[in-house]
Amino acid sequence: MTASVPRCLALRLSLRAPRAKSRGGVSYAVKVVAAGAVVLCVAVLLWPRSVFSHETLTTTVLFDREIVRILDRHCVMCHSADGPSFPLATYEETWLKGRSIRSAVIARHMPPWAAVPGYGEFANDNSLTLRETQFVVSWVEGLGPRNAGRIFLNVQDPGAPRPREIRAEPHVGHWRAGTPDLTREVVAAIDPAEAAVGAGQAPLDEARGKPLDEARGKPLDDARSRPTRVVRSTVDLGLTAPRGLRGLEYMPGNRRVVRAASFTLERTGQWLGSWTPWYGFATLPAGTAFNLPAGSRIVSEIHVDAMAGGGEERGTLGLFLTDARPRTTMAPDLILDGRATAGAPLRVRATAASTADTYAVALRPDIAQGLKSIEVSAKTAQGATQVLLFAKDPPLEWPTPYVFKEPVVLRRGTTIQLTGYFATPADAARGLRVTLSRYVSTAPGRPAD
């Protein structure tokens, strides 16, 4: 027999017939053996066997237990029915997007958080921990079980009882930091004539009116890659006497189009706080407040989806005020204005000195087109260096501040240094600006560590 003959045809019978040659040169017994082997192979192939509807599960991670908690903490503030990206609230929605979720998590594209772990600790950190990343990857590669080892087959049985649904719930539509003392409406007009222009935006697919992925030649559907633009408005607080501002919170009117918001004091330009979908409020340490003089007005900068067209964004700004004189008032912002030099066309640098014992509360970089990395460090008069922030590939579409979990002490004489790297010299020539929000110790002596 040749190698192409099925293995079952190569079976040998223990009883051998006489080798009487037929007219064609092949014995009758060999013909009988061959025919019997063919029948045996067919019988083996057609014999009824157990059929499995899916492959064997290889993970103990369940949607109803580990995955829904991750979605609650990091995802559904954007990935919801009224959010800027596709919903991931239910098991079915998440299962169908499993491969895309796995790829985005491994590439650190989602959640959108650029700060590298180990360089500063931030209250608004939205990145996945290593354990959470392992949960997501294991769940997707293990066929995405829901609970008790069951997986989604994309088949609905109308006669089956509806199980209790475990789903991720976005915490939106209510105040997260408490009931504010003062609320004001923020009205930002979106000009459709300017909706698709601006530095750092992706080119457009004219036929479909969507941002274009040049590498694939297809429209971009991921909210991370869609272009944004900034619309500004001014809010009159109606204050007739000085007040202290302990914190603020913003509630967008249309979560589908709003990516971020930032608020500054009109008179001085001092940064008061920001809103992002995953961290919608800003609060100061106890006993600390911004000084709001009578007649103060706040300037809002709302980052909206550039493809949203015209109209208005009508949100609500909540302010947490105090009449009591705070122990400490916020000092003017420390501005780091990075510029490129002739010897290093892709790098920008800036330095500033702390002239008093200072507490750093937050860093707010103005993310620029082509920015590849940003580092902010503090070097003491004794030569010790502390990295306050190191971020890689910060997404232009999700501008965020970096709010320290605890105020960082910067001793008098400390030098703050900004270093940024860009993709091209043209990008670096535009510069990079970082705002350091701080307050100065008024107590005698040095601040405690």
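The values are calculated or read from the model by the stated rules, or taken from the named source; none is laboratory data. These numbers come from a predicted model, not from an experiment. Cβ placement follows ideal geometry from the backbone for every residue including glycine, while neighbour counts extend to all protein chains displayed.
Here are the numbers for this structure:
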{"item": "Which listed residue is modelled with pLDDT of 95 or more and either more than 29 Å from ARG255 (Cα to Cα) or polar (S, T, N, Q) (or both), from ALA429, ALA448, ALA362, ALA378", "result": "ALA378"}
{"item": "First in region 108-121 and closer than 17 Å to PRO84 by Cα, second anywhere and assigned to a loop (DSSP other than H, G, I, E, B) and small (Gly, Ala, Ser), Cβ under 7 Å, 6 or more apart", "result": "PRO111/SER127; TRP113/SER127"}
{"item": "Of residues in region 260-275 being among the polar types (S, T, N, Q) and either out of contact with any strand residue (DSSP E or B) (no Cβ under 6 Å at 6 or more places or on another chain) or more than 21 Å from THR228 (Cβ to Cβ) (or both), the one surrounded by the most Cβ atoms within 10 Å (Cβ to Cβ)", "result": "GLN270"}
{"item": "Failed condition for GLN382, given (1) crowded, with 19+ Cβ neighbours inside 10 Å; (2) in a loop (DSSP other than H, G, I, E, B)", "result": "(1)"}
{"item": "HIS171 vs. criteria at pLDDT below 90, under 30 Å from SER373 (Cα atoms) and under 19 Å from the mean Cα position of the chain (by Cα)", "result": "no"}
{"item": "Restricting region 249-291 to residues that are more than 21 Å from VAL440 (Cα to Cα) and basic (Lys, Arg), the residue that is nearest to the chain's Cα centre (by Cα)", "result": "ARG259"}
{"item": "Residues satisfying the stated conditions in region 336-356, i.e. within 17 Å of ARG433 (Cβ to Cβ) and of a type in the set (A, V, I, L, M)", "result": "LEU336, ALA340, VAL348, ALA350, ALA352"}
{"item": "Which listed residue is over 29 Å from THR228 (Cα atoms) and aliphatic (A, V, I, L, M), from VAL348, VAL361, VAL434, VAL440", "result": "VAL440"}
{"item": "Looking only at region 385-394, and only at residues there that are surrounded by fewer than 19 Cβ atoms within 10 Å (Cβ to Cβ) and not charged (D, E, K, R), the one that is farthest from TYR439 (Cα to Cα)", "result": "PHE390"}
{"item": "Which listed residue, of ALA368, ALA384, is modelled with pLDDT under 95 and in contact with a Lys or Arg (Cβ under 6 Å, 6 or more places away or on another chain)", "result": "ALA368"}
{"item": "Odd one out for MET307, checked against (1) outside any strand (DSSP E or B); (2) within 25 Å of ALA115 (Cα to Cα)", "result": "(2)"}
{"item": "Enumeration of residues in region 58-72 that are farther than 17 Å from VAL137 by Cβ and either within 17 Å of the chain's Cα centre (by Cα) or surrounded by fewer than 17 Cβ atoms within 10 Å (Cβ to Cβ) (or both)", "result": "ASP72"}
{"item": "Strands (runs of 3 or more DSSP E) contained in region 186-269 and holding at least 3 residues under 21 Å from PRO395 (Cβ atoms) and modelled with pLDDT of 90 or more", "result": "258-265"}
